[in-house]
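The values are calculated or read from the model by the stated rules, or taken from the named source; none is laboratory data. Keep in mind the model is a prediction, meaning the values are calculated, not measured. Note that each Cβ is placed from the backbone with ideal geometry, even for glycine, and that neighbours are counted across all protein chains shown. To get the accessible areas, we keep the full protein, side chains included, count just its heavy atoms, and leave off ligands, DNA and RNA. Shrake-Rupley method; radii C 1.70, N 1.55, O 1.52, S 1.80 Å.
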Amino acid sequence: MQAISIEAIKRDTGKNVARRLKNQGYIPAILYGKDMTESIPLAVEYNALQRLLQKHGRNVLLNVIVDGSTHNAVIKEIQEDTLKGKIIHVDFQRVSMYEEIEATVPLKFEGIGLIESRGGIVQHQLWELTVESLPDKIPQEIVVDLSNLEIGDTLFVKDIQVPDGVKVVDDPDEVVVSVLAPRESEKEAEEEAETAKENE
């Protein structure tokens, strides 16, 4: 994975800082982690961060550039305004390229339509996995093909294939998805709808 650069500036701390940054098109951030004696309060341009996330996702290896110095980092946490859906703070964790880190990776499910066409109902238990790998090996997403599952089947964490160099941290026996049969009421509703169409 190639590191993506993002510029950051050091910021003041205290009251009204977030509002002042917002007016300038920035949001507060912080950099902490490997070989750092103390964290560095930062600010990043909101639109630049949004473009980066839209193009590369959250599990991206970063070069955070501060005052001409480059820090290898990952996005550890993003805080959002739950009402407005906007990012209000981001945590960058500095990492070593030679030490494994944990990350949360979303699951992308394929083949759901095929299961539903056979009458099955996909019940999700997990939407993401916690994995461990070197920073440049963290996948953006993990594709899970469900097309071979039948009604009554269950997919566990241990059944998911992950890229080389990536280790799953979650319990291998934890359920990811189950394929259920339609409930009787749903079957009856479908049959009634089909009967009504035939009588039209």
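DSSP beta bridges confined to the stretch 1-109 are antiparallel in about 70 percent of cases. Test of understanding: in a Gaussian network model of the chain with alpha carbons linked when under 10 Å, which of S117, S178, S96 would top the mean-square fluctuation ranking? Most flexible of the set in this elastic network: S117. Here the ratio of the Cα radius of gyration of the chain to 2.2 N^0.38 Å is 1.37.
Largest first, the extents of the alpha carbon coordinates of the stretch 1-103 on the three principal axes equal 39, 29, 23 Å. Heavy atoms of the protein chains alone define the surface here; on that basis the chain has 62 Å² accessible area per residue at 1.4 Å probe size.
Carbon-plus-sulfur accessible fraction, the chain (probe radius 1.4 Å, protein heavy atoms only): 45%.
A simple spin-label model places the labels of K15 and E99 3.9 nm from each other, with each point 7 Å out along Cα-to-Cβ. Among I115, I27, I138, the largest mean-square fluctuation in a Gaussian network model of the chain (Cα springs under 10 Å) belongs to I115. When the helices of the chain are scored as -39500 (n - 2.57) per DSSP H run of n ≥ 4 and the total is divided over every residue, the value at 222 nm lands at -6000 deg cm²/dmol.
Model label points for Q24 and Q50, set 7 angstrom from Cα along the Cα-to-Cβ axis, are 1.9 nm apart. Relative to the longest principal axis of the Cα atoms of the chain, the long axis of helix 184-199 lies at roughly 60 degrees. Comparing K34, K84, K76 in a Gaussian network model of the chain, where Cα atoms under 10 Å apart are tied by springs, the biggest mean-square fluctuation is seen for K84. Using the Stokes-Einstein relation with a Kirkwood hydrodynamic radius computed over Cα pairs, the translational diffusion coefficient of the stretch 82-173 at 20 °C and a viscosity of 1.002 mPa s comes to 139 µm²/s.
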